[in-house]
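Read the structure below first, then the notes.
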Amino acid sequence: MSIVQEITCSHCGAPISFEPGEIIATCKYCGYTVVIETGKAFTFEHSMLQNKYDPTKIEEPVRNWMRAGFLKPPDLARKSKIMEKALIYLPFWVMSVEAESDYKGIFERITPPVVKEGKIEKKYDWLVLARKATKFPTREYDVPLTGKIAYDFRKIEAFAKVLNSEIDKSEAVELAKQQIEEHHRYLAQQDVDRIIEMKNEVKTKQTVYLHAPVWFLKYEYKGKTYESLIDGATGTIIKGDIPSTGFGIF
Ligand SMILES: [Zn+2]
């Protein structure tokens, strides 16, 4: 069990509880967001995406997903039982960035090998999950940013859970830079076989703190439990465990 601590909300006076490691917390009674260490108000843009599903309706996109695709057992939708459904608003940092990488490498696929140079120029809304231990496939999550609104605690369902941030803005910017450089290295490797030099520049244009609704579902199929994650704003399956059909290649 983790130890829950409390501070008093300086806006409405209610207790704001937080767990060790959390650094930005939001009051569930008034939506006030505070930097725990300083006790001061959070000053960056705090946004949210709205959940469009209730615990009954969320089964529909999951059943549809179970029915589609040849990799799944044909009786998956019929035979599986949804055991747990939890709606969690996950905290993210979204950074609008312009990223440039100049690289030099050796193209070895021809003889003799040649030195080749190239440039990658991209714009991203790069997402960093503001939690350290939560397992979430951030890169597979196509966050529907067009639907974002200012954070409104009244739009959070009573049964939902809102997670606080464990990563501050500067740490998130640093993480985004590292991840983008890694991604560009991967892209450059499609063009040259061996990178000998690479220069990256990542300019952050805007940073938004965002709470996004994600449904965590557990379902049972033939005695085993599987997990799926669904975007509560769009009903898109972010990740779904698929039971083995038993006719695998191996
Ligand atoms: Zn409050």
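Read-outs throughout are calculated quantities, based only on the coordinates presented, and are distinct from any laboratory measurement. These figures come from a predicted structure and were not determined experimentally. With ideal geometry, Cβ positions are generated from the backbone for all residues, glycine too; neighbour counts draw on all protein chains shown.
Between Lys224 and Thr56, take the C-beta separation as r, use R0 = 22 Å, and let me know the FRET efficiency to the nearest 0.05.
On the way: r = 24 Å, r/R0 = 1.10.
For Lys224 and Thr56, the calculated efficiency is 0.35.
What FRET efficiency would be calculated for the residue pair Arg185, Glu37, taking the C-beta separation as r and a Förster radius of 41 Å, to the nearest 0.05?
The formula returns an efficiency of 0.75 here.
Of all the Cα-Cα pairs you can form in the stretch 152-250, what percent are over 22 Å apart?
Summing the P(r) of the stretch 152-250 above 22 Å gives 62 percent of all pairs.
Within the set of other residues whose C-beta is less than 10 Å from the C-beta of Thr234, count the net charge using Lys and Arg as +1 and Asp and Glu as -1. Kindly include the intermediate steps, with their values, before the conclusion.
On the way: positive: Lys52; negative: Asp142, Asp231.
Around Thr234, the surrounding residues sum to -1.
Using the Cβ atoms and a cut-off under 13 Å, what net charge is assigned to the surroundings of Leu175, where Lys and Arg are +1 and Asp and Glu are -1?
Numbers: positive: Arg131, Lys132, Arg139, Lys169, Lys177; negative: Glu166, Asp168, Glu171, Glu174, Glu181, Glu182.
Result for the local shell: -1.
For the chain, set up a Gaussian network in which alpha carbons nearer than 10 Å are linked by springs, and say which option among Lys161, Lys203, Lys57 fluctuates the most.
Among Lys161, Lys203, Lys57, the largest mean-square fluctuation in the Gaussian network model of the chain belongs to Lys57.
Checking the a/c ratio against 1.5 first, then a/b against b/c, what shape does the Cα gyration tensor give for the stretch 73-135?
Since a/c reaches 1.5 but b/c is at least a/b, the shape of the stretch 73-135 is classed as oblate.
For a Förster distance of 45 Å, can you work out the FRET efficiency between the beta-carbons of Glu84 and Asp193, rounded to the nearest 0.05?
Step by step, r from the Cβ atoms, then E = 0.45.
List the pairs from Lys161/Lys218; Lys28/Lys52; Lys79/Lys218; Lys57/Lys123; Lys199/Lys239; Lys135/Lys199 whose alpha-carbon separation is above 25 Å, in the order I gave them.
Those over the limit are Lys57/Lys123; Lys199/Lys239; Lys135/Lys199.
About the Cα centre, and with charges only on the beta carbon of Lys, Arg (+1) and Asp, Glu (-1), how big is the dipole of the chain? Nearest 20 debye, please.
860 debye
Please report the relative contact order for the stretch 35-152, taking Cα pairs under 8 Å with a sequence separation of at least 6, and give it as a percent rounded to a whole number. Could the numbers behind the result be given before it?
On the way: 105 pairs, mean separation 36.1, N = 118.
Computed over the stretch 35-152, the figure is 31 percent.
Is the shape of the stretch 39-153 best called rounded, prolate or oblate, per the rule: a/c under 1.5 gives rounded, else a/b larger than b/c gives prolate, else oblate, with a ≥ b ≥ c the square roots of the Cα gyration tensor eigenvalues?
oblate
Along each of the three principal axes of the Cα atoms of the chain, give the extent in whole Å, ordering the values from largest to smallest.
70, 54, 35
Note the full-extension length gain between Lys239 and Ala158 as 0.36 nm times their separation in residues minus their Cα-Cα distance, in nm to one decimal. Provide the component values of the computation, followed by the final result.
Values: separation 81, 0.36 × 81 = 29.16 nm, distance 2.50 nm.
That works out to 26.7 nm of additional length.
Using the Cα centre of the stretch 71-183 as origin and beta-carbon charges of +1 (Lys, Arg) and -1 (Asp, Glu), tell me which of Ala133, Tyr89, Leu76 is placed farthest towards the positive end of the dipole.
The listed residue farthest towards the positive side: Leu76.
Rank these for me by crowding, Asp142, Asp102, going from fewest to most other beta carbons within 10 Å.
Asp142, Asp102
In the neighborhood of Ser17, defined by Cβ-to-Cβ distances under 14 Å, what is the net charge if each Lys or Arg adds +1 and each Asp or Glu adds -1?
Taking every other residue near Ser17 into account, the sum is -1.
Rounded, prolate or oblate: pick one for the stretch 1-46, where a ≥ b ≥ c are the square roots of the eigenvalues of its C-alpha gyration tensor, a/c under 1.5 means rounded, and failing that, prolate if a/b is larger than b/c, else oblate. Please report the intermediate quantities before stating the final value.
Numbers: a/c = 1.90, a/b = 1.33, b/c = 1.43.
The shape class here is oblate.
If you put +1 on each Lys and Arg Cβ and -1 on each Asp and Glu Cβ, how big is the dipole of the stretch 95-190 around its Cα centre, in Debye rounded to 20?
Dipole of the stretch 95-190, to the nearest 20 debye: 240 debye.
Return the Rg/Rh ratio of the stretch 54-105 with Cα-based radii and a Kirkwood Rh.
Numbers: Rg = 19.7 Å, Rh = 15.3 Å.
Here the Rg-to-Rh quotient is 1.29.
With a 10 Å Cβ neighbour count serving as the proxy for reagent exposure, in which order, fewest first, do Arg154, Arg131 appear?
In order of increasing Cβ crowding within 10 Å: Arg154, Arg131.
I want to check the label-to-label distance for Glu201 and Ala150. Put each point 7 Å from Cα in the C-beta direction and report it in nm to one decimal.
For the pair Glu201/Ala150, the computed spacing is 3.6 nm.
Taking the Cβ of each residue in Thr236, Thr38, Thr111, Thr207 as the centre, tally the other Cβ atoms inside 10 Å and list the residues starting with the fewest. Can you show the working numbers first?
Working: Thr236 14, Thr38 9, Thr111 6, Thr207 20.
Exposure proxy ranking, most exposed first: Thr111, Thr38, Thr236, Thr207.
GNM, the chain, Cα, under 10 Å: largest mean-square fluctuation among Met95, Met83, Met66?
Looking only at Met95, Met83, Met66, the biggest GNM fluctuation is shown by Met83.
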